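The values are calculated or read from the model by the stated rules, or taken from the named source; none is laboratory data. Here the structure is a predicted model, which is why all the values come from computation and not from measurement. Cβ: placed from backbone, ideal geometry, glycine included. Neighbour counts: every protein chain shown.
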């Protein structure tokens, strides 16, 4: 049966929609000064490696119609394939695709990656568009019910879009549309000559969206529209329009001021304290394929490729074990033990034993939303405590039907690390870029904890840790099915952080059955946190702690933590099984000066209530005012 729509996001006021429609007619921006209109093609060299049938490589000599037909066929297969096992990577060699008269206009569906193969975004130019539109759900609460709420698991990176809407109607030609929600990233993208819209205001319907993530990119006018929460990191924008509940900027040139919060609801950090961009495939000067591993940046602002800071290390493809979905986990584990990096080609991998990273400097890179599924209660990915400077990127980790202790474990010393001394150097012990976790959805999933971080000095750069609120797990539809999901599709805690000095940019954790995130380590630093409490507790009794406290908070900092910072956080409630269910507080933290929350909120999405935002501070949210947040500007108050 088709997946049930997620009703978690509530209608926006008519004035907001009218404003977005007006913004759609803004004058397109001119080509950025000093930028090349057409980069030179890649030099001849080694032939493209065999990365399997789900990696499609285009070159600029191919006819536009041929490229469009191939991309359209993949999109038609993937546009409604939310819970499928298909995975795709569409890679564009350096050069220019499309012309003014015949632009290349393609759309991106589920489990599809679109990326350029240049060393810089300017090396690969799409004269046209790469877009995501609303998905029309046939079982929505109204008809038409066309929304971006479930537009997950896709990405675009490392290319330039010269916006060209020739042949499209007046509304569609007004912007490059990227209407997505969680687990959908834009990285190293340069949008020229037109607007970038993060919502689809052209498709009839509610037009809700709930993303998302933009990093290391440049654009002119960005239409945020109905996006309920969004993080923009180390980018450059000409202007930013709209804000719904929680819009966060870090190290972004042109970001709006946070003055007047929560009206508008902007949280702005002038620089990003710690960042490391995602590794990417590119074709070197000699035509050989390689993987660029960007350097770490501290106190940074703007994209690395526009500021001259785009340093990094190129790894030969021969240093990688190129895995395919039919390979047993033991073969991948042996390759890691031999000191190989790991390149996961698109597909779903059954993992019945841990893939343990023991060598410092190891890179694990997934293409096309590569997915590791736990088998027999395994923990699919483990980073051993002796390994440092590890990067894991572009990987989704799924719980299986057997109960796993964890889905990913970054090892450290047992329990709390206890070492609160500053670490020498700034290179993270492990970096996670676009690493996602799922408990349920395409099948039953069971885990105690999804992501456990025991290591110190970890960088988490965009993750979505999701216990499924809908899917095709074999349950019946309706409340009975949701009750079954509570008992069968189990995940106690989404993320547990025991390590010290763990830094996160874009931490999304949803629907777990106790605390969604538990932070035990010192000097944690989070830039944007988004959470939805579970939809499916059958009753208040099921959502009450042993000590009688009503519910578990979406974000818990342990009582003995002395230093912690959070910038921009939201906890949402929608208790659809029993609307009378109450949660005591969205955020729960120790009351001390070193633990500081800046710009946090709670909101009701139609059912259930949260009594306070932080501890006993902040007004109650309930169904008397759905979609109206309760904000706390700073806790503790200055």
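Go through 604, 615 for me and flag whichever is modelled with pLDDT of 95 or more and surrounded by fewer than 20 Cβ atoms within 10 Å (Cβ to Cβ).
Values: 604 fails: surrounded by fewer than 20 Cβ atoms within 10 Å (Cβ to Cβ).
Only one candidate qualifies: 615.
Looking at 220, 211, can you tell me which residue is in contact (Cβ under 8 Å) with a residue 12 or more places away in the chain, surrounded by fewer than 23 Cβ atoms within 10 Å (Cβ to Cβ) and in contact with a strand residue (DSSP E or B) (Cβ under 8 Å, 6 or more places away or on another chain)? Step through it out loud before you land on a result.
Working: 211 fails: surrounded by fewer than 23 Cβ atoms within 10 Å (Cβ to Cβ).
Checking each option against the conditions leaves just 220.
Looking only at segment 173-208, how many residues end up being more than 13 Å from residue 232 (Cβ to Cβ) and in contact (Cβ under 8 Å) with a residue 60 or more places away in the chain?
Looking only at that region, the number is 21.
State whether one or more residues within segment 274-285 are buried (at least 18 other Cβ atoms within 10 Å of the Cβ), out of contact with any strand residue (DSSP E or B) (no Cβ under 6 Å at 6 or more places or on another chain) and part of a loop (DSSP other than H, G, I, E, B).
no
Could you pull out the residue among 140, 170 that is surrounded by fewer than 24 Cβ atoms within 10 Å (Cβ to Cβ), farther than 18 Å from residue 216 by Cα, without any contact (Cβ under 8 Å) to a residue 12 or more places away in the chain and out of contact with any strand residue (DSSP E or B) (no Cβ under 7 Å at 6 or more places or on another chain)?
Numbers: 140 fails: without any contact (Cβ under 8 Å) to a residue 12 or more places away in the chain.
Exactly one residue qualifies, and that residue is 170.
Confirm whether residue 356 is in a strand (DSSP E or B), surrounded by fewer than 24 Cβ atoms within 10 Å (Cβ to Cβ) and either out of contact with any helix residue (DSSP H, G or I) (no Cβ under 8 Å at 6 or more places or on another chain) or modelled with pLDDT of 95 or more (or both).
On the way: in a strand (DSSP E or B): yes; surrounded by fewer than 24 Cβ atoms within 10 Å (Cβ to Cβ): yes; either out of contact with any helix residue (DSSP H, G or I) (no Cβ under 8 Å at 6 or more places or on another chain) or modelled with pLDDT of 95 or more (or both): yes.
Answer is yes for this residue.
Listed residues 621, 595, 632; which is crowded, with 19+ Cβ neighbours inside 10 Å, at pLDDT 95 or above and closer than 23 Å to residue 541 by Cβ? Steps first, please.
Details: 595 fails: closer than 23 Å to residue 541 by Cβ; 632 fails: closer than 23 Å to residue 541 by Cβ.
Exactly one of 621, 595, 632 is crowded, with 19+ Cβ neighbours inside 10 Å, at pLDDT 95 or above and closer than 23 Å to residue 541 by Cβ, namely 621.
Output the number of the condition that residue 339 fails; it satisfies all remaining conditions of (1) in contact with a strand residue (DSSP E or B) (Cβ under 6 Å, 6 or more places away or on another chain); (2) assigned to a loop (DSSP other than H, G, I, E, B).
(1)
Please verify whether segment 504-512 includes one or more residues that are in a loop (DSSP other than H, G, I, E, B), out of contact with any helix residue (DSSP H, G or I) (no Cβ under 7 Å at 6 or more places or on another chain) and over 22 Å from residue 261 (Cβ atoms).
Checked segment 504-512: at least one residue is in a loop (DSSP other than H, G, I, E, B), out of contact with any helix residue (DSSP H, G or I) (no Cβ under 7 Å at 6 or more places or on another chain) and over 22 Å from residue 261 (Cβ atoms).
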